[in-house]
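**Student:** Below is the structure I would like to discuss, written out as structure tokens.
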Amino acid sequence: MNNQKNDKWQDYWNSDEVEKLETPYWTEFYVDAISALDVIGAEATVLDFGAGWGAIGASLGAHCRRLILLDASEKLRHLMARRFEDDSGTLVVASLEEVNESIDVILANSVFQYIPLHEGVRILESFSLISRPGTILLMSDLVPIKYSKVEDLIFLLAHTFRVGRLPTFISHVWRAVRQSGDTNLADRLERYESGFILRVLDQLGFDAKVLPRNLTPSSRRYSVLAVKRADRSIQEEL
């Protein structure tokens with residue numbers, strides 16, 4: 001990780017504060033958006049990369065055959081392990097090296113903003129290696145180069161107020177700032193230019209596009225849908 005830019009966030013996700021948080025305010029919105037895309041089949045193996053509390057997995061797991069929940073935070077992995085301890089179809093892992101099977105659907109929601117660009121590219125390369133022709137990759141909540149944290153905050157305050165989740169959102173922001181002691185955490189979010197992401201995915205053998213709307217409530221961020229092509233010869237060029 002880029003120590004200067006991302007250590008504060010990593011410290012937060014590994015702190016005791018995350019155990020006190022409620023289900024993320026955007027979970028219902030995201031699950032509804034994924035369901036509308038109809039990309040998860042009953043026999044699918046799904047990887048939730050950056051699974052957090054496992055809230056999305058709890059909602060989508062019943063619709064697939066196999067669910068793999070991956071998160072770099074040891075705290076969050078422990079929470080998920082307890083949550084899914086009686087679910088034989090769900091596996092909690094710490095890294096992509098532990099994924100030893102082909103994946104049908106990869107979900108990467110609200111996670112790449114905490115990952116430096118060079119490492120993000122490496123992760124996309126790893127996604128390609130565990131994909132088969134037809135594998136679907138959904139990256140959401142990506143922060144664009146031109147991004148106003150003030151506009152994003154105002155929009156999210158309004159949205160969470162409308163859906164009755166304003167206290168949860170405020171608690172999330174307050175706990176992150178209190179634990180880190182940093183009021184400029186939003187400035188530490190990594191930004192990904194959409195054209196760059198599409199070019200990298202194309203080189204890795206994916207047909208990719210930016211979706212018309214983000215899959216989370218933040219309209220100031222964006223989502224990408226990619227499908228692995230049948231022709232894998234591109235791998236030889238990397």
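The values are calculated or read from the model by the stated rules, or taken from the named source; none is laboratory data. Not measured: the values here are computed from a predicted model. As a convention, Cβ positions derive from the backbone with ideal geometry for all residues, glycine included, and neighbour counts pool all protein chains shown. For the accessible areas, the whole protein counts, side chains as well, though only heavy atoms, and no ligand, DNA or RNA atoms are used. Shrake-Rupley method; radii C 1.70, N 1.55, O 1.52, S 1.80 Å.
**Student:** Tell me, what is the 1.4 Å probe accessible area of Glu193, in Å² to the nearest 10?
**Tutor:** Counting only protein heavy atoms, the figure is 80 Å².
**Student:** How are the alpha carbon pair distances in segment 46-104 distributed across 10 Å bins from zero to the largest one, expressed in percent?
**Tutor:** 25, 62, 13
**Student:** Ok, one more. By average Cβ neighbour count within 10 Å, what is the ranking of 75-85, 108-118, 34-44, 50-60 from highest down?
**Tutor:** On the way: 75-85: 16.5, 108-118: 20.1, 34-44: 13.7, 50-60: 22.0.
Those peptides, ordered most packed to least, come out 50-60, 108-118, 75-85, 34-44.
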